[in-house]
Amino acid sequence: MKRMAAALGAGMLVALLAGCVPMIPNVPGDRNPASGRNGGVAPRDESQPTPESPIAPPRDVRCGDGQDVTLDAQGRTFTVTGQCGTVNLKGQALTVTVDHADGVSISGQAIVVKVGDAVGGLQINGNANAVQTGDLGAVSVSGQGNQITAKALGALSISGNDNTVTGDTDPTTSDVNGQGNVVRRS
């Protein structure tokens with residue numbers, strides 16, 4: 001009887017332990033490679049953009065009538081055509097050519113911008129940026145080592161160090177704070 005009870009107990013233990021194999025649920029959208037399942041969804045191609053690596057904007061951008069444009073990238077070259085409202089540039093190491101913009105806003109570093117027409121306003125928050133344009137309205141610079149070249153200069157405000165503003169005319173007004181800033185005529 002004891003042998004039968006022991007065999008029965010061993011059989012029950014095996015049956016119980018067989019049910020203890022970890023089961024990973026088949027969760028829709030599960031892309032956990034450890035699960036060995038993908039929830040019916042094809043495995044993600046890591047070369048595709050993710051929220052951590054957004055889709056880069058196209059290299060050629062066309063503005064509608066007065067449309068604002070924002071370019072946020074690193075190490076890219078862009079050509080912006082048409083009649084733009086404000087062209088917002090964010091990132092670093094960008095080279096941007098703009099046909100026409102009512103305003104240009106730069107937030108970043110090492111951004112080089114050439115605007116073929118007059119710009120109503122320019123705002124720079126960053127370092128080592130360069131802007132070349134025709135007539136330039138209000139200019140606000142906050143940062144270091146920025147260079148601005150324009151034909152005519154409007155109101156100028158600089159806060160930072162080692163910024164250079166060059167124009168064919170003197171600015172209409174200027175408020176320059178910091179060390180090593182230079183405002184000169186070309």
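The values are calculated or read from the model by the stated rules, or taken from the named source; none is laboratory data. Since the model is a prediction, treat every value here as computed from it, not as a measurement. Cβ sites come from the backbone with ideal geometry, for glycine too, and all protein chains shown count toward neighbours.
Could you say which residue among Gly103, Gly160, Gly143 is modelled with pLDDT of 95 or more, in a strand (DSSP E or B), under 16 Å from Leu71 (Cβ atoms) and not aliphatic (A, V, I, L, M)?
The unique qualifying residue is Gly103.
Exposed (fewer than 15 other Cβ atoms within 10 Å of the Cβ) and at pLDDT below 95 - does that describe any residue in the stretch 123-140?
Within the stretch 123-140 (the criterion being exposed (fewer than 15 other Cβ atoms within 10 Å of the Cβ) and at pLDDT below 95), the answer is yes, since at least one residue qualifies.
Go through the stretch 64-85 residue by residue and tally those that are free of Cβ contacts under 8 Å to residues at least 24 places away in the same chain, surrounded by 14 or more Cβ atoms within 10 Å (Cβ to Cβ) and assigned to a strand (DSSP E or B). Working first, answer last.
Here is the first cut: in the stretch 64-85, the ones free of Cβ contacts under 8 Å to residues at least 24 places away in the same chain are 64-65, 67-70, 72-85.
Now restrict to residues that are surrounded by 14 or more Cβ atoms within 10 Å (Cβ to Cβ): 67-69, 72-73, 76, 78-85.
Narrowing further to those that are assigned to a strand (DSSP E or B): 67-69, 72-73, 78-85.
Summing the residues that are free of Cβ contacts under 8 Å to residues at least 24 places away in the same chain, surrounded by 14 or more Cβ atoms within 10 Å (Cβ to Cβ) and assigned to a strand (DSSP E or B) in the stretch 64-85 gives 13.
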